[in-house]
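Student: The following block contains the structure, expressed as C-alpha cells.
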Amino acid sequence: MESTLIKALQFIVALAFLVTIHEFGHYIFARIFGIKVDKFYMFFNPRFSLLRYDPRTNRVGLLVRQGDEEKKTEDRPLISFSVGRPHPDTKGSKNSWRDTIYGIGWIPLGGYCAINGMIDETNTKMSEETKPWEFRTKPAWQRLLVMFGGVLFNFILAIAIYAGIAAHWGSKYIPFDVATEGFDFVPAAQKAGFRNGDIPLTADGVKLDAADGDYMMRMVEAKNVTVLRNGKDTVSIAIPSDFIFRLNDDKGFMAYRLPVYIDRIVPGEAAAKAGLMEGDHIIAVDTIATPTFTELTPALVEYAGKEVNITVERDGKTVTLPVTPNEYGKLGFQLRQLTDVYPPVTIEYGLLASIPKGWEIGTSTLTNYVGSMKHVFSSEGAQSLGGFGTIANMFSDRWNWLSFWEITAFLSVALAFMNIIPIPGLDGGHILFLFWEVITRRKVPENVLIAAQYVGMGFLLLLLLYANGNDIFRAFFK
C-alpha cells in the first residue's frame, strides 16, 4: 500500500509539473503577442477550486465555489484574504499578466490555460464582436506559435532535465564485458530464445554497448540479436516482430545478474550463527550452484527450516559452512550492490558539456518514442495501451530522485509528441487548422472549429476510457 501511494505521489507531482510547463508555453507566447489569458490553472477545477488568485483585486480565495457566467454569479470562496492593494481594471487597454486568474483545481490529472478568443475545451462559444486582444484576431503565424508553445516548452524541459541529470549524476554504466555473469531475462524473452547469463553482443550486426542508453530498445526493435552464451559460444536469436508486446506482461526485458557477495550480516540471524562473514561470496547451496542471486533464492527456499551446507569463497579459499535458513528461506544478510561487484564506468559532465548531452539524450528519446508508435496501430498495440495506472507504475516504489527525473523527462518527451498529433482537441489539431489557413489564406469557419472540437474531445474521452479500462482489466483479470 505504501509503495502504491509513493508511485501515485510521484505521478501526480510529475504530471502537475509537466502540464504546468506545457500550459506556460502557451501562456508566454500569448502574452508576447498581446493576447489575453483569462485563466491559468494547475489541475482541473469543475465547479470548485482549491485556490484562486485574482491579481486585479489582489485577493486569494481558498476552497472556491465556481460562479455561473450565464447567471452572472461570482466565485464564492470559503476563505478569502488580501495580499496587497487592488489594481484598477484595465479591460480594453494594454494586455497585462493581471488580466489572468491563477488557480489550483482539485482533479490532479492536468491543467489548462484559457486563452481569450480561442475555441478549445474551455470555450466553445464566441461572441460576434471581436476584440484586439483576442486569439482569433491575431495573424496566423502568431496563433501558430501560441499553439506550438506547449510542445516546444515540453521538449525544452526534457532536454534541460537530461542536461541536469548529466551535470549532477553524470553517466554511469557497467560495460558488458565486465559483467561476467551476464543478464537475467524475463520469461517472454526466454521464450524468444534468450537464456539467463547471456551477454548481448550485436543487434542487426551493430555492436551493443552499455554506454549507449538505447541498447535495450535496439535489441527489442532488431530482427536479429547475437549474444555470448556460457562465456564462449556466440548464439544468434531471431527477434519476433511482436516482441515488444510479448514483453508487456513481464514489465521489463533484461537486467544485470547480481553475484552473491555479503555486504552486511544481521546480528542474531542464521548467517551470523553459521559464521558467514562480510565479503563472503556464496557460490553453492548443497550441490546447487548459485552464481547469482537468481539461483540462490529458490535454493534457500527449498531448504527453509532445514540445515544445509553453504559453500563460499573467502580470501581466495573455498569454505563450507552448515546453516539453517528461516521458515522463509532467508539467512539474514544484505547483498553488495551491483556497482560494488562490477566497477562502473562514470562519465562526468561540466555545465557546458551537459547541455549537448541533454540534447543528445532528448532527441534520441524522441526518435525512439516516435519509432515505437508504429506498434500502436495493431491489435496487439491497442491491447497494450495503458492509462494513468500504467504511467504511475513506471515510477519506483521508493522515492529516488534520479529515477524520478529520468521518468519525468521521458514523459515530457511523450507529452510533447502526443500533443503534436493532429487530432482536434489537441494542440496538433489546432496547428493543422492553422497550417490550412496559412496555405489557403482562408480561416476555417468557427462552426467547423467548434464541431471539430466536440468530435476531438469525444474521441479523446473514449481513448482515455479505453486506456484506463485496459489498466483495470489487467489489474483484476491478468
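The values are calculated or read from the model by the stated rules, or taken from the named source; none is laboratory data. Keep in mind that this is a model prediction, so the values were computed, not measured. Cβ coordinates were reconstructed from backbone atoms using ideal geometry, including for glycine residues, and neighbour counts include every protein chain displayed. For accessibility, only protein heavy atoms count, side chains too; no ligands or nucleic acids. Shrake-Rupley method; radii C 1.70, N 1.55, O 1.52, S 1.80 Å.
Student: Might you check whether a residue that is in contact with a Lys or Arg (Cβ under 7 Å, 6 or more places away or on another chain), of a type outside the set (G, A, S) and surrounded by 14 or more Cβ atoms within 10 Å (Cβ to Cβ) occurs anywhere in region 411-419?
Tutor: no
Student: Modelled with pLDDT under 90, open to solvent by 30 Å² or more (accessible area, probe 1.4 Å) and not hydroxyl-bearing (S, T, Y) - does that describe any residue in region 53-64?
Tutor: Among the residues of region 53-64, at least one is modelled with pLDDT under 90, open to solvent by 30 Å² or more (accessible area, probe 1.4 Å) and not hydroxyl-bearing (S, T, Y), which makes the answer yes.
Student: Would you mention how many residues in region 26-69 are free of Cβ contacts under 8 Å to residues at least 24 places away in the same chain and at positive phi?
Tutor: 2
Student: Additional query: Can you pull out the residues in region 450-462 that are modelled with pLDDT of 85 or more, open to solvent by less than 70 Å² (accessible area, probe 1.4 Å) and out of contact with any strand residue (DSSP E or B) (no Cβ under 8 Å at 6 or more places or on another chain)?
Tutor: A451, G458
Student: Let me confirm something: among G386, G362, G358, which residue is at pLDDT below 90 and crowded, with 16+ Cβ neighbours inside 10 Å?
Tutor: G386
Student: Just one of the numbered conditions (1) farther than 21 Å from H22 by Cα; (2) outside any loop (DSSP other than H, G, I, E, B); (3) of a type outside the set (A, V, I, L, M) is not true of G386; which one?
Tutor: If we test G386 against (1) farther than 21 Å from H22 by Cα; (2) outside any loop (DSSP other than H, G, I, E, B); (3) of a type outside the set (A, V, I, L, M), just (2) comes out false.
Student: Take the residues in region 1-46 that are of a type in the set (A, V, I, L, M), out of contact with any Lys or Arg (no Cβ under 9 Å at 6 or more places or on another chain) and not in a helix (DSSP H, G or I); name whichever of them is modelled with the highest pLDDT. So that I can check it myself, show each step before the final result.
Tutor: Pass one, region 1-46, residues of a type in the set (A, V, I, L, M): 1, 5-6, 8-9, 12-16, 18-19, 21, 28, 30, 32, 35, 37, 42.
Next, from what is left, pick out any that are out of contact with any Lys or Arg (no Cβ under 9 Å at 6 or more places or on another chain): 1, 5, 8-9, 12-16, 18-19, 21, 28, 32, 42.
Among the residues that remain, those that are also not in a helix (DSSP H, G or I) are: 1, 42.
Details: M1: 68, M42: 93.
Per the criteria, the residue is M42.
Student: Quick check on region 148-160. Is at least one of its residues of a type in the set (G, A, S), open to solvent by 20 Å² or more (accessible area, probe 1.4 Å) and part of a helix (DSSP H, G or I)?
Tutor: So far as region 148-160 goes, yes, one or more of its residues are of a type in the set (G, A, S), open to solvent by 20 Å² or more (accessible area, probe 1.4 Å) and part of a helix (DSSP H, G or I).
Student: Which numbered condition trips up L157, out of (1) under 25 Å from L247 (Cβ atoms); (2) modelled with pLDDT of 95 or more?
Tutor: (1)
Student: For S412, indicate whether it is small (G, A, S), under 24 Å from the mean Cα position of the chain (by Cα) and over 30 Å from M118 (Cα atoms). Break it down stepwise before answering.
Tutor: Working: small (G, A, S): yes; under 24 Å from the mean Cα position of the chain (by Cα): yes; over 30 Å from M118 (Cα atoms): no.
So S412 does not fit the description; no.
Student: Look at K172 and say whether it is in contact with a Pro (Cβ under 6 Å, 6 or more places away or on another chain), surrounded by fewer than 19 Cβ atoms within 10 Å (Cβ to Cβ) and outside any loop (DSSP other than H, G, I, E, B).
Tutor: Details: in contact with a Pro (Cβ under 6 Å, 6 or more places away or on another chain): yes; surrounded by fewer than 19 Cβ atoms within 10 Å (Cβ to Cβ): yes; outside any loop (DSSP other than H, G, I, E, B): yes.
So K172 fits the description; yes.
Student: State whether the residues of region 427-437 include one that is on the phi < 0 side of the Ramachandran plot, part of a helix (DSSP H, G or I), touching a His at 6+ places or on another chain (Cβ under 9 Å) and open to solvent by less than 30 Å² (accessible area, probe 1.4 Å).
Tutor: Yes, region 427-437 contains at least one residue that is on the phi < 0 side of the Ramachandran plot, part of a helix (DSSP H, G or I), touching a His at 6+ places or on another chain (Cβ under 9 Å) and open to solvent by less than 30 Å² (accessible area, probe 1.4 Å).
Student: Further question on the same structure: Which one of the conditions (1) at pLDDT 95 or above; (2) surrounded by 18 or more Cβ atoms within 10 Å (Cβ to Cβ) does G164 fail to meet, given that it meets all the rest?
Tutor: Unmet condition: (2).
Student: State all residues of region 155-194 that are of a type in the set (S, T, N, Q) and either touching a Gly at 6+ places or on another chain (Cβ under 7 Å) or closer than 16 Å to A353 by Cα (or both); if no residue qualifies, say none.
Tutor: Within region 155-194, just S171 meets the criteria.
Student: Any chance region 403-411 includes a residue that's modelled with pLDDT of 90 or more and closer than 26 Å to D120 by Cα?
Tutor: Taking every residue of region 403-411 in turn, at least one turns out to be modelled with pLDDT of 90 or more and closer than 26 Å to D120 by Cα.
Student: Do we find a residue being within 35 Å of the chain's Cα centre (by Cα) and within 30 Å of I407 (Cα to Cα) anywhere in region 268-291?
Tutor: Within region 268-291, none of the residues are within 35 Å of the chain's Cα centre (by Cα) and within 30 Å of I407 (Cα to Cα).
Student: Here's a follow-up. Name every residue in region 91-133 that is surrounded by 16 or more Cβ atoms within 10 Å (Cβ to Cβ), assigned to a loop (DSSP other than H, G, I, E, B) and at pLDDT 90 or above, in order of residue number.
Tutor: Selection gives T100, G105, N116.
Student: Just to be sure I understand, how many residues within region 215-265 are outside any helix (DSSP H, G or I), among the aliphatic types (A, V, I, L, M) and out of contact with any helix residue (DSSP H, G or I) (no Cβ under 6 Å at 6 or more places or on another chain)?
Tutor: 10
Student: Can you tell me which residue within region 17-41, out of those that are of a type in the set (A, V, I, L, M, F, W, C) and touching a Leu at 6+ places or on another chain (Cβ under 9 Å), is farthest from L402 (Cα to Cα)?
Tutor: Ranking the candidates gives F33 first.
Student: Looking only at region 198-211, count every residue that is open to solvent by 20 Å² or more (accessible area, probe 1.4 Å) and part of a loop (DSSP other than H, G, I, E, B) and tell me the total.
Tutor: Matching residues across region 198-211 total 4.
Student: Separate question: Which residues, taken from region 47-64, are touching a Pro at 6+ places or on another chain (Cβ under 6 Å) and outside any strand (DSSP E or B)?
Tutor: Within region 47-64, T57, N58 qualify.
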